[in-house]
Structures are given as C-alpha cells and as structure tokens.
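A.B. asks: One structure, pasted below without further comment.
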Amino acid sequence: MLSSRLFKRFSSTVTIKPTPSKTHHHQPIPSSSFPSGYLLTGIYAGVKKKAGVLDVGLILSTSSRPTSAAACFTKNAFKAAPVIVSEQVIASNVGRARAIVVNSGCANAVTGKQGMEDAWAMVKETDEILPPPSASGSSSHETLVMSTGVIGQNLPISKIISAIQSQHENSSTRSLDNDFAAWERAAKAFMTTDTFPKLRSRTFTINGREYKLAGMDKGAGMIHPDMGPPSIGPLHATLIGCIMTDAAVSPLSLQRALTHAVERSFNSISVDGDMSTNDTIIVLANGASAPDGAPEIDEKTDKEAYEVFRKELTDFAIDLAKLVVRDGEGATKFVTVTVKGAPTYEDAHRIASRISTSALVKTALYGEDANWGRVLAATGSVPLSAPLHPNKVSVTFVPSDGTTPLPVLVNGEPEKVDEERASEILSLEDFEVLVDLGGGDKAEVARYYTCDFSYEYVRINGDYRS
C-alpha cells in the first residue's frame with residue numbers, strides 16, 4: 001500500500017514518536033451515577049468487518065413523562081441520510097423523541113434514495129421496541145438515528161434490523177439495561193478509529209432537586225464540527241454524541257441550551273480541520289427524576305433554573321468534546337488555544353479556530369518546536385469586526401503543570417526565548433497557547449481544543465478504507 005511505503009520511508013529518515021496510550025481516559029463509573037429512566041445496549045450486527053465488535057447502539061427513554069429532544073447537526077451541504085431523517089423526526093414531533101439508534105462502520109452518507117430508506121428502516125424498527133407511548137401521546141416516529149464510518153457505502157440494513165429486533169421485550173437475547181456495563185456497551189458501539197469509549201456522567205442540583213447527566217461521543221478523525229440547530233419551525237470519521245438527563249426541560253429551552261453548549265464545546269474542537277457529513281449531537285431530557293406534577297424547566301418561566309441547567313450542560317459538553325481531541329488520530333498533544341482581548345466572541349473564536357487548524361502550527365506542536373511565528377501568522381490571517389493592532393498582541397506558552405508560563409511575544413515585541421524552557425513546556429502532553437489581542441480584561445475570550453499532526457495520522461488516513 002502507498003501509505004505503508006510512505007510510512008516506511010519516513011521511519012527510515014526520522015525518529016517517530018510513539019502515540020501515547022489513551023486508555024486511561026476510560027474508567028468504570030458507578031451505576032448509580034447514571035440518569036434514571038433509560039435503557040441502553042450495544043450489539044454486534046456485522047456492519048464492521050471484525051467479528052464481535054459492537055456496531056449498533058440503542059438508547060431508550062422509559063420515563064412516563066414526555067421526553068424532550070434537541071439536536072445540533074452538521075452544516076455540511078452533503079448531509080447524510082440519518083442527519084436528514086433525524087431533523088425530520090424532531091420537526092414532526094416539535095422537539096420530542098424517546099429513542100436513539102446508532103451504527104458505526106458505515107456513515108450512510110451520499111447513498112441516495114436507498115440511504116434514506118435504510119435510515120427510516122432503523123427508525124421504524126427501533127420505534128417497535130419502545131415501551132407504550134408516554135404522556136406525550138405521540139403517534140409519529142420517536143427515534144433519532146445516527147451513523148458513522150465510511151462515506152458512500154450502503155448499510156447492510158438487514159443485519160442492522162436483525163440486531164434491533166434482538167432487543168424486543170420478550171427476546172432471549174435482550175441486553176438493554178441501565179448499569180455501567182450497558183452504558184459502556186452503547187459507547188463502544190459508537191467507535192470507529194477511536195481507541196477508547198468516551199463515556200462520562202455527573203450530578204447537579206436545581207431548586208434543591210438532584211438530577212444526573214450522562215453522555216457518550218465518538219470521534220478521532222474528520223473532526224472540525226460546525227453544527228447548528230435543526231430547522232423545525234418554532235425551535236431553533238465524524239463526531240456523533242448524545243447526552244441524557246433525567247431532568248424535565250421544555251423542548252425549546254433544551255434546544256437553546258444545547259445550541260449554546262455546542263458552540264463552546266463541540267464547535268470548538270479540531271483534529272484535522274475537516275467537517276463531516278454526519279456530525280450530530282443529541283440531548284434527551286426525560287424528566288424521570290423531576291417531582292410529580294412539576295413543570296418542565298423553561299427559560300421564560302424559571303430563568304434561574306434554566307441558566308443553571310445550561311451551565312451544567314455546557315460544562316459537561318466541554319468535557320465530552322475534549323475526549324475527542326485527546327483521542328485524535330495519531331495525536332501526541334492536547335492543546336488549548338485561548339484567544340482573549342478580542343472585540344467580539346465570534347472574532348476570538350475565529351482566530352482560535354484558525355490557529356487550531358493550521359497545519360504549520362500543528363506540525364510544530366508535534367515537533368515540540370515553539371514556532372510562535374506560525375501562531376502569529378494564523379492570527380493575522382483572520383478578518384475581524386474591528387482592526388487588529390499588532391503592537392498590542394502577546395503570545396504565551398502556558399504549561400499544564402502549574403509552572404511558570406513562557407511569554408514569546410509581548411505587545412508586539414519578541415522576547416528572547418529560553419529554548420530549553422520552551423522545549424520543557426512543549427514536551428508536556430497538555431499545554432496552552434495563549435494569544436492576547438490587547439483588548440483589555442472586559443474584551444471577549446474564546447477557547448479551542450486541538451492536537452498535533454503526527455506521522456501516525458498520515459498512516460491511519462492513508463489506509464482508512466482498507
């Protein structure tokens with residue numbers, strides 16, 4: 001193979017750093033930490049070539065209360081069939097859904113009419129294993145669908161349908177549950193080139209009541225999401241993910257909270273700068289732990305409760321998004337790019353994005369080279385809402401171990417860089433690149449999370465379809 005020959009040529013002329021193990025980012029979670037009212041599993045259907053590898057995941061809400069659903073989808077013009085179908089399900093139910101079905105190994109993207117039929121078949125079959133209709137009384141489809149894997153190939157839909165059917169209530173092969181093992185199975189069913197399942201949970205309190213959040217995502221390559229809310233009337237390698245909570249949140253407020261959270265989390269990460277056709281983040285809120293008769297959390301009727309929920313969701317989404325970057329294909333570094341002192345948040349976000357996607361910056365990070373000129377060049381290439389003043393810009397490398405940061409540019413003037421200290425910082429697995437545009441403490445701040453480019457990234461993506 002061409003990529004193997006290239007890799008051999010590289011390895012004969014340079015020292016290639018091994019990609020560090022990332023399995024320590026996945027640890028057992030107490031089953032009591034997961035939200036109530038959900039059943040999950042992961043199944044081997046045969047979508048993936050390797051026998052026994054989980055490739056179909058199911059998530060069902062069993063709450064007696066209506067389950068709100070919100071989602072943010074890729075803005076790629078070549079939206080995959082599952083993206084289109086999920087948008088339609090949310091639209092028809094005005095922000096209600098009770099199930100998620102996901103397959104890995106095949107993206108079902110750019111697959112024409114057959115791809116749409118297959119996505120709908122997954123929805124309809126999952127609808128059949130849902131418990132009797134909840135208080136929502138919905139008569140339309142209640143399942144959202146996600147797919148990830150190779151683009152341009154059709155799903156082995158009969159295998160997927162058989163796998164879903166194995167989870168009917170009276171089936172001897174049913175494995176749906178709400179313990180850690182079930183959540184872990186579902187998270188593993190999301191994986192493609194991921195090296196570990198990405199699963200997290202947390203507890204939070206609103207109005208004296210305890211609720212839980214749990215979620216999973218996948219992604220290691222083709223990561224530079226730009227997702228937005230679906231167009232649903234009154235509501236506003238691939239990254240896919242879902243977050244579940246047992247709080248009760250109105251559909252409109254859930255969508256607004258998710259849109260806010262995604263902009264600061266999943267829309268603020270980059271592995272390779274490539275936007276997928278399938279990027280999707282879904283949140284379900286089933287109200288299973290809400291007091292009987294209590295209204296859903298809503299921005300208009302209880303703004304304080306809504307803002308607490310939005311912050312919890314945003315912080316949780318950031319944690320999940322960081323896991324994707326940490327598992328970036330071939331990545332040896334996890335780098336936070338912080339841009340402060342910008343005229344607007346959007347300006348700061350665009351600059352952070354440009355730095356995070358610069359191939360020159362990312363290769364320098366791999367080489368542990370404090371080439372701040374590349375950071376500055378990326379910064380200056382971004383059109384802003386107000387003029388940038390080069391004589392106010394500063395660049396600093398900030399270590400994650402709490403030791404002294406290293407300024408390399410201060411108010412437009414280069415510092416005499418201690419190269420030994422620079423090497424110490426850039427040899428760390430985690431560090432920050434801080435760019436201050438000089439707009440003052442009240443100016444806007446944005447953060448992006450990125451990784452380096454390594455030889456291993458080239459090898460993985462040269463052989464992706466093999």
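The values are calculated or read from the model by the stated rules, or taken from the named source; none is laboratory data. As the structure is a computational prediction, the values presented were derived from the model and not from experiment. Positions of Cβ are backbone-derived with ideal geometry, glycine not excepted, and every protein chain shown enters the neighbour counts. When the accessible area is computed, the model is the full protein with side chains, heavy atoms only, and any ligands, DNA or RNA have been set aside. Shrake-Rupley method; radii C 1.70, N 1.55, O 1.52, S 1.80 Å.
A.B. asks: Can you give the convex hull volume of the alpha carbon atoms of region 334-462 per residue, in Å³?
C.D. replies: 100 Å³
A.B. asks: While we're here: Kirkwood Rh over Cα pairs of region 144-202 into Stokes-Einstein at 37 °C, 0.692 mPa s: D in µm²/s?
C.D. replies: Rounded, D is 241 µm²/s.
A.B. asks: Moving on to the next point. Leaving ligands, DNA and RNA out of it, report the carbon-plus-sulfur percent of the accessible area of the chain at a 1.4 Å probe.
C.D. replies: In the chain, the share of accessible area belonging to carbon and sulfur is 51 percent.
A.B. asks: Another question about this same structure. If we sort 261-267, 87-93, 118-124 on the protection proxy, mean other Cβ atoms within 10 Å, highest first, what's the order?
C.D. replies: 261-267, 118-124, 87-93
A.B. asks: On a 1.4 Å probe surface of the protein chains, which of L360, L144, L130 comes out largest in accessible area, and what is the full order?
C.D. replies: Result, largest first: L360, L130, L144.
A.B. asks: Right, next: Of all DSSP beta bridges in region 334-462, what percent run antiparallel (nearest 5)?
C.D. replies: The answer is about 70 percent antiparallel.
A.B. asks: When DSSP beta bridges are limited to those with both residues in the chain, what percentage is antiparallel, rounded to the nearest 5?
C.D. replies: Beta bridges within the chain, antiparallel portion: roughly 70 percent.
A.B. asks: Per-residue accessible area for S104 at 1.4 Å probe radius, Å² rounded to 10?
C.D. replies: For S104, the solvent-accessible surface is approximately 0 Å².
A.B. asks: Reported to two decimal places, what Rg/Rh ratio describes region 26-326 when computed on Cα atoms with Rh from the Kirkwood expression?
C.D. replies: Value, to two decimals: 0.93.
A.B. asks: Leaving ligands, DNA and RNA out of it, rank D274, D436 by accessible area with a 1.4 Å probe, largest first.
C.D. replies: Highest to lowest solvent-accessible surface, that is D274, D436.
A.B. asks: Another question, if that's okay. With every protein chain kept in place and ligands, DNA and RNA left out, what is the accessible area per residue of region 284-332? Probe 1.4 Å, answer in Å².
C.D. replies: Accessible area per residue, region 284-332: 40 Å².
A.B. asks: What accessible area per residue, rounded to a whole number of Å², is obtained for region 334-462 using a probe radius of 1.4 Å?
C.D. replies: Ligands and nucleic acids excluded, the figure is 46 Å² per residue.
A.B. asks: Another question, if that's okay. Would you mind computing, in nm to one decimal, how far apart the modelled labels at S172 and T203 are, each placed 7 Å from Cα along Cα→Cβ?
C.D. replies: For S172 paired with T203, the spin-label model returns 4.0 nm.
A.B. asks: FRET efficiency for V445 and S64, Cβ-Cβ distance as r, R0 = 51 Å, nearest 0.05? It would help to have the intermediate numbers written out before the result.
C.D. replies: Details: r = 43 Å, r/R0 = 0.84.
So the FRET efficiency works out to roughly 0.75.
A.B. asks: If you don't mind, there's one more thing I want to ask. Please report, in debye to the nearest 20, how large the charge dipole of region 334-462 is about its Cα centre when each Lys and Arg carries +1 at its beta carbon and each Asp and Glu carries -1 there.
C.D. replies: Numbers: 11 positive and 19 negative charges, 116 e Å.
It works out to roughly 560 debye.
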